[in-house]
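Taking it in order: structure first as structure tokens, then the write-up.
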Amino acid sequence: MAERKHLVEQKTASVISLGCAKNLVDSEHMLATLIEEGYKLTADPKEADILVVNTCAFITDAQQEAIDTILEMAQYKTHGKCKKLIVTGCLAQRYAKDIACEIPEIDAVLGTNELKHLPEIIRQVDKDSTVIRVGAPGGVLEGNRLLTTPIGTAYLKLAEGCHNHCAYCVIPQLRGPLTSRPEENIVKEAQHLVNLEVKELILIAQDTTSYGLDLYGECRLPNLLRKLCKINNLKWIRLLYLYPEHITNDLLNVIAEEPKICRYLDIPVQHFSNRILKSMGRKSRQKTLMNLFAKIRKLLPDAAIRTTFIVGFPGETDADFEELLHCMRQAQLDWVGAFAYSPQQGTPAYMLPNQVPNEVKQERLQRLLQCQQSISRERNQTWVGKQLSVFIEGVTRQGGVGRCFRQAPEVDGVTYVKGTHLTPGQFREVIIERATTYDLKGRVISEPTQ
């Protein structure tokens, strides 16, 4: 007799993750939850019964990308298998009622503090028309994750939310105040990830250097790093989103002393004009920032320093912008990300006078990026002829593609490697033979290390 067919066919689900790495970690938690609930995952949205779009809303471009993606997924209600379309994340937190009204295909909207209730919401959709669950922002997720990053790399979220309240930033409204995870939870998750053969942990938060301030009454990143460095078989620890105000001598000394910590500092400063920094609500000023970069160069001469700038902030004059370019040339930072100021309702900057015309913003943005290209090229070229350890992420017919300590995933360049027996997830010693503005190219000089 033939085996009885299951009364309930296994349903499929797909999660589309938009925005930053912090959002990606939330998506990985939701993927694990869906598996635990018995769903089969698919990367093809047209094959999914349940579609979850985890959105970003940091700037206008991100909001538009989120809306476009939701509309694209909504088509699978009629041209695919989709039975339930669920929108989560920052756009959901900010505009829940608006998107539910404007896009009737949406079945549920979950704010940033409601992601842990995803299975319950899916069941509730069966009974109600449209479910909107948005409360106070924030919420730190604990528990299992399904990693979606390349083999051997994982993000490790230290905290949720932010307490800085910069004039241009909507994040505190979307993610709530700084909420640090207990140190023991982070170390336990790190050990679990290493047990899964993760070799690079990338530490993230909205403000990584403020980790522990709310929970312990002091910034505890140096202490946490010392504990993470004791984990066997962990090769690299990379630090992102280091606010300059809390980069202490203790933190720099830990980075200098611990070989597992990449000499890579991502320090968003946003501007160099004191007038604009004050208007932005930033605590640092030009002199303290330049002194900080000089201190890093003295203690960690080979360190890669990355920063982010905003151009076209309200009131930014030609003189302010030229001052920004002048300081960039002086600082000689390795990597720079930049974007044009994007007005966000509900932030202090939204109401400021002297808004900069969009065409001026774009012209300044292009000038800034062109200025940085020559600096990045020169910084990269200093590594020609030197030996670097490269973490292999992919293999091609010509060799492999990976990253050295100077290169964070997605935002920086890569290292192209000529060699044999290359496997994703391994480290290889490489002599750098060529350098371009963003990438390095070299050849293997050793057998693989484990």
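A few notes on this one:
- For the listed peptides 374-381, 404-411, a ranking on the average number of other beta carbons within 10 Å per residue, highest first, reads 404-411, 374-381.
- Most positive-pole-ward Cα, Pro119, Thr55, Cys101, against dipole of the stretch 12-133 from beta carbon charges: Pro119
- Alpha-carbon gyration tensor eigenvalues x 5, square-rooted, for the chain, Å: 36, 30, 21
- The helix-only estimate of mean residue ellipticity at 222 nm for the chain, built from DSSP H runs of length n ≥ 4 each weighted as -39500 (n - 2.57), is -10500 deg cm²/dmol after division by the residue total.
- The stretch 220-275: trypsin sites (Lys or Arg not before Pro) falling in loop per DSSP and having at most 13 other Cβ within 10 Å: Lys230
- With Cα atoms defining each centre, the stretch 204-230 and the stretch 255-308 are spaced 18 Å apart in the structure.
- Across the chain, C-alpha contacts under 8 Å between residues 6 or more apart give a mean separation that, scaled by the residue count, equals a relative contact order of 9 percent.
- For the listed peptides 30-37, 391-398, 51-58, a ranking on the average number of other beta carbons within 10 Å per residue, highest first, reads 51-58, 30-37, 391-398.
- Likely footprinting exposure, Ile310, Ile121, Ile431, fewest C-beta neighbours within 10 Å first: Ile431, Ile121, Ile310
- Hull volume in cubic angstrom per residue (convex hull over the Cα atoms of the stretch 130-180): 155
- One equal scatterer on each Cα of the stretch 310-431, no solvent, Debye formula: the resulting log10 I(q)/I(0) at q = 0.09, 0.11 Å⁻¹ is -0.40, -0.55.
- Legend note: in the chain, cysteines whose Cβ sits 4.7 Å or more from every other cysteine Cβ are Cys20, Cys56, Cys82, Cys90, Cys101, Cys162, Cys219, Cys229, Cys262, Cys327, Cys371, Cys404.
- Ratio of Rg to Rh over the stretch 387-444 (Cα coordinates, Kirkwood Rh, two decimals): 0.91
- When you filter the GluC sites (Glu not before Pro) in the stretch 197-228 for DSSP loop state and at most 15 other Cβ atoms inside 10 Å of their Cβ, you are left with Glu197, Glu218.
- Ordering of 40-47, 9-16 by packing is 9-16, 40-47, highest average first (other Cβ atoms within 10 Å, averaged per residue).
Only the coordinates and a few stated rules stand behind these numbers; no lab work does. All values reported here derive from a predicted model rather than from experimental measurement. Using ideal geometry, Cβ is built from the backbone for each residue, glycine included, and neighbour counts are taken over all protein chains shown.
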